[in-house]
Structures are given as structure tokens and as C-alpha cells.
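Report on one structure; see the data block that follows.
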């Protein structure tokens, strides 16, 4: 009898690694309803274009695309100490970016990171480096 293999990563925000220089990562929980959990477990979710804000001492994930619904705002679960440190980083000029969504175990978790926006020349440099590694330029 074969066991069903469940991947740990539900989705990865690849655009975040391209648009931001990412720093420390933090894994947080999410407040979800039953249908939202089902959509995430069935991989009907996109992190592209979503971002994290801090409102009233709470973390919120904005613009999460779940199935046919366009935008959802979901509360994230973190300790006050973690939220305070993220708030300090945000004041400096950094952004809080969702990196990947984990759903392999019983709980669905979101990995967020503090990121500093890349300039256009940084992005071009990343594309050039990636092309050289692939062997396009020799």
C-alpha cells in the first residue's frame, strides 16, 4: 500500500526573491475558515502581489488570491515580540513580504521575510547572472 506524499510547500512567491533583497524569515500561523483551508490544500492559491501590513499591533496578509476570489485579507498569528521587531524593521524602510506557504502538516503556515526593494539595475544584474549560469553567454 502506497502512502500519499504531501509536499510541504503549497506555493512559493518567486517574484519576491526577484523584487526584494530578503533578510530574516519568520514562520507565522494564519486565521482561516474551512473553505479557505480546502482551497489552500488543493493548491488554489497565489501569493503573487500579496503583502503584509501591521494594523493595531496585528499582522495582516493583504491581496491573497484564493480560488476564484480576487483579494482576501487574512490575519496572521505571531507573538508581540515578533510583531514589534517587524515593526522596527518597517520603520527603517523595509517591506514585509510573504515568501512561501507551507501546508504539509496539520497546520497551514506562512513564511514571511523582511525585504528591501531592488533597483532596476539590480534586477538586470540578477537576470544576467542567471543567464550566465544557464550557459547562454559564453
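The values are calculated or read from the model by the stated rules, or taken from the named source; none is laboratory data. Bear in mind that the values here come from a model prediction, so they are computed numbers and not experimental data. Because the Cβ atoms are built from the backbone with ideal geometry, glycine has one as well, and the counts that use them run over all protein chains shown.
Taken across the stretch 78-86, residues that are surrounded by 12 or more Cβ atoms within 10 Å (Cβ to Cβ), without any contact (Cβ under 8 Å) to a residue 24 or more places away in the chain and assigned to a helix (DSSP H, G or I) do occur, with at least one present. Applying a threshold of 6 Å to beta carbon distances and a minimum spacing of six or more residues, or different chains, the list of pairs starting in the stretch 48-76 at a residue that is without any contact (Cβ under 8 Å) to a residue 60 or more places away in the chain and at positive phi and ending at one that is part of a strand (DSSP E or B) and loosely packed, with under 12 Cβ neighbours inside 10 Å reads 63/71.
Within the stretch 113-138, residues that are more than 23 Å from residue 99 (Cβ to Cβ) reach partners that are at pLDDT below 80 and exposed (fewer than 11 other Cβ atoms within 10 Å of the Cβ) with beta carbons closer than 9 Å, at six or more positions or on different chains, in the pairs 128/137; 131/137; 132/138.
So, residue 63, is that one exposed (fewer than 13 other Cβ atoms within 10 Å of the Cβ) and either under 17 Å from the mean Cα position of the chain (by Cα) or outside any strand (DSSP E or B) (or both) or not? In short, no.
Quick one: in the stretch 31-60, which of the residues that are in a strand (DSSP E or B) and more than 14 Å from the chain's Cα centre (by Cα) is farthest from residue 103 (Cα to Cα)?
55
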